[in-house]
Amino acid sequence: MKYCLAQPEDAATVHDLMLQAFSVYRDSVPPSSALDETTESIMQSLKHGKEAVILSVENKPVAMARFMLEEASLYFYRLSVIPSFQGKGMAKQLIQWLEAYAKECGKESLSCKVRMSVSRNIALYESIGFYIEEKEMVHRGGVDIPVVNMKKEILKGVMA
């Protein structure tokens, strides 16, 4: 497995991985806004402070997560694993990488938002130390979407 920080020229790869992973939410009400994003919008976000990590297996991109560094936290979103690699620990691998990166950057926690209707993702995050910090309603397309804000504290390494 190989991880690389995405550059603006990787926007098409990030977009493709995201569309493959989020296509299952096409019939959600409302559909995930991830499906509205374009290669160009992702390229612009990568040029203006947002970041992404791409996970490749045998030189084939199979997963990615987009993220941004906040004051005390690394906030990630659009974590995407292509269907043929789902259920094989790729999401957990990405989150471990994000946690190590956050630690390197001096952040105290990881955070993300998850639709409450996607209980398998909530369970995944809880299984690796995240907890529900808050519940809220996100308003999109005239619809209220119940979401949870999830957080994981990063343990500081002991200095020798």
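The values are calculated or read from the model by the stated rules, or taken from the named source; none is laboratory data. These figures come from a predicted structure and were not determined experimentally. Using ideal geometry, Cβ is built from the backbone for each residue, glycine included, and neighbour counts are taken over all protein chains shown. Note: areas computed on protein heavy atoms with side chains; ligands, DNA, RNA excluded. Shrake-Rupley method; radii C 1.70, N 1.55, O 1.52, S 1.80 Å.
A few points about this structure:
- Among the residues of the range 67-86, those identified as open to solvent by less than 10 Å² (accessible area, probe 1.4 Å) and either closer than 16 Å to Val14 by Cα or β-branched (Val, Ile, Thr) (or both) are Phe67, Phe76, Ser80, Ile82.
- Qualifying residue in the range 117-128 (condition: closer than 24 Å to Ala11 by Cα and touching a strand residue (DSSP E or B) at 6+ places or on another chain (Cβ under 7 Å)): no
- Pair list, Cβ < 6 Å and 6+ apart or interchain, from the range 101-114 residues that are farther than 13 Å from Tyr75 by Cβ to residues that are open to solvent by less than 50 Å² (accessible area, probe 1.4 Å) and part of a loop (DSSP other than H, G, I, E, B): Lys103/Ile154
- Residues of the range 127-142 satisfying the condition of being charged (D, E, K, R) and either free of Cβ contacts under 8 Å to residues at least 12 places away in the same chain or touching a helix residue (DSSP H, G or I) at 6+ places or on another chain (Cβ under 8 Å) (or both): Arg140
- Scanning the range 20-54 for residues that are hydrophobic (A, V, I, L, M, F, W, C) and surrounded by 16 or more Cβ atoms within 10 Å (Cβ to Cβ) yields Ala21, Phe22, Ala34, Ile42, Met43, Leu46, Ala52, Val53, Ile54.
- Considering each residue of the range 124-142 in turn, at least one proves to be at negative phi, crowded, with 18+ Cβ neighbours inside 10 Å, in contact with a Lys or Arg (Cβ under 9 Å, 6 or more places away or on another chain) and not in a strand (DSSP E or B).
- The residue that is nearest to Ala34 (Cα to Cα), counting only those in the range 89-114 that are out of contact with any helix residue (DSSP H, G or I) (no Cβ under 8 Å at 6 or more places or on another chain) and in a strand (DSSP E or B), is Lys113.
- Just so you know, in the range 1-22 the residues that are in contact with a Ser or Thr (Cβ under 6 Å, 6 or more places away or on another chain) and modelled with pLDDT of 90 or more include one that is farthest from Gly142 (Cα to Cα), and it is Lys2.
- Residue list for the range 23-58, filter: over 21 Å from Cys112 (Cβ atoms), at pLDDT 95 or above and outside any helix (DSSP H, G or I): Ser56, Val57, Glu58
- Options Lys88, Lys50; residue that is more than 26 Å from His139 (Cβ to Cβ) and of a type outside the set (Ser, Thr, Tyr): Lys88
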